[in-house]
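Each remark here refers to the structure printed beneath this line.
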Amino acid sequence: MKKGSKHYIVVFIKGMMMGVADIIPGVSGGTIAVITGIYEEFLFTLNNLDLNVLKLFKKGKFNEVLNKYNLLFLVSLSSGILSSIFLLSHSIVYLIENYPILLWSFFLGLITSSIFYLFKEINKWTKKIILFNLLGIGISLLVLTLNPSSQEINPAYLFICGMMSITAMLLPGVSGAYILILLGAYETMLKTIKEIVSLNSEYFLNFLSFVIGALLSVKLFSKLLSWSYNKHKNYTLSCLVGFMIGSLPALWPWKLESISDELLFYKLYIPENSFMNSEFISGLIFFIFGFVLVLIIDYLGKKYKNV
């Protein structure tokens, strides 16, 4: 069925939502792709890209390129992701610094609801599927125990950061932004994006190195994910749900500020007199808002799936 302009506007909006998630440490753009119903199409479109695109362009076969490689979908989605990253990165950082409880409560609700959503997508639970789920939880928790790197930041290192963070962004529950924090490159990339928007040429090399690493990783890793989704969907979903469950502690709004090497779990707490505490009540409201928003997104995703 031919897709109209409304479809690609919806895809663009979903891309913007993915972009917002990708710049939040602890939140995954892949999760947003799953709950908005475009994750599989996104993976398969990336996996289908090859060098024949350039050959067909040279021959002037533009319609064949658009149809065979689903480029309108990819351009719409990528434009939405990049628009959010470039336009909203400063706002997100501001919210993290000034309204952390409300923001993290909102995303905790969003991810928690997403987990229930994905559980329903698994057709049958077996011992092997449960094992894959536990594996995902274990890997995600292991990532949370790592300490941020103090590695020197240079273009070559940013190339590696691009490969690793974008790979994480493709996985629901694994935050690419959090990976950048662990690699010690999160603030560098935020500043780089800010300077690129201002057309500061001094940061072009850093940006280009990161982008090339990201594009290479996307192409290589999308093949693996597409294969696993196509051949072993229940196992893949189970593992991805595990990633999301394991990421929940990083999203918990109330954490003790500590410079010690204590495990994250020991830093989590619930405010005293919870239901008499205005901060807790506000957090709970935003948690519910995030939880319900997934249900709304799911409903709209199904309603406008064939727009």
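The values are calculated or read from the model by the stated rules, or taken from the named source; none is laboratory data. Treat the numbers as computed from the prediction; the structure is a model and nothing was measured. Here the Cβ positions follow ideal geometry from the backbone for every residue, glycine too, while neighbour counts run over all protein chains shown. All accessible areas refer to the heavy atoms of the entire protein, side chains included, with ligands and DNA or RNA removed. Shrake-Rupley method; radii C 1.70, N 1.55, O 1.52, S 1.80 Å.
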Members of the stretch 78-98 found to be more than 17 Å from Gly29 (Cβ to Cβ) and either of a type in the set (D, E, K, R) or open to solvent by less than 30 Å² (accessible area, probe 1.4 Å) (or both), listed by number
Glu97
Taking the conditions exactly as written (touching an Asp or Glu at 6+ places or on another chain (Cβ under 7 Å) and either closer than 30 Å to Gly283 by Cβ or modelled with pLDDT under 85 (or both)), does Ile85 satisfy them or not?
yes
Which listed residue, of Ile24, Ile130, is among the aliphatic types (A, V, I, L, M), crowded, with 18+ Cβ neighbours inside 10 Å and in contact with a Ser or Thr (Cβ under 8 Å, 6 or more places away or on another chain):
Ile24
Contact list, first residue from the stretch 222-242 and modelled with pLDDT of 80 or more, second anywhere and of a type in the set (Asp, Glu) and surrounded by fewer than 16 Cβ atoms within 10 Å (Cβ to Cβ), beta-carbon distance below 6 Å, six or more apart or interchain, is Leu237/Glu121
For Lys267, state whether it is open to solvent by less than 50 Å² (accessible area, probe 1.4 Å) and at pLDDT below 85.
yes
Turns out the helices (runs of 4 or more DSSP H) fully within the stretch 32-77 with at least 1 residues that are surrounded by 14 or more Cβ atoms within 10 Å (Cβ to Cβ) and of a type outside the set (A, V, I, L, M) are 39-48, 62-69
Taking the stretch 109-127 as the search range and keeping residues that are open to solvent by 70 Å² or more (accessible area, probe 1.4 Å) and either in contact with a Lys or Arg (Cβ under 9 Å, 6 or more places away or on another chain) or part of a loop (DSSP other than H, G, I, E, B) (or both), which one is nearest to Ser282 (Cα to Cα)?
Glu121
Lone unmet requirement of (1) in a loop (DSSP other than H, G, I, E, B); (2) open to solvent by 30 Å² or more (accessible area, probe 1.4 Å); (3) touching a residue at least 12 places away in the same chain (Cβ under 8 Å) for Phe106
(1)
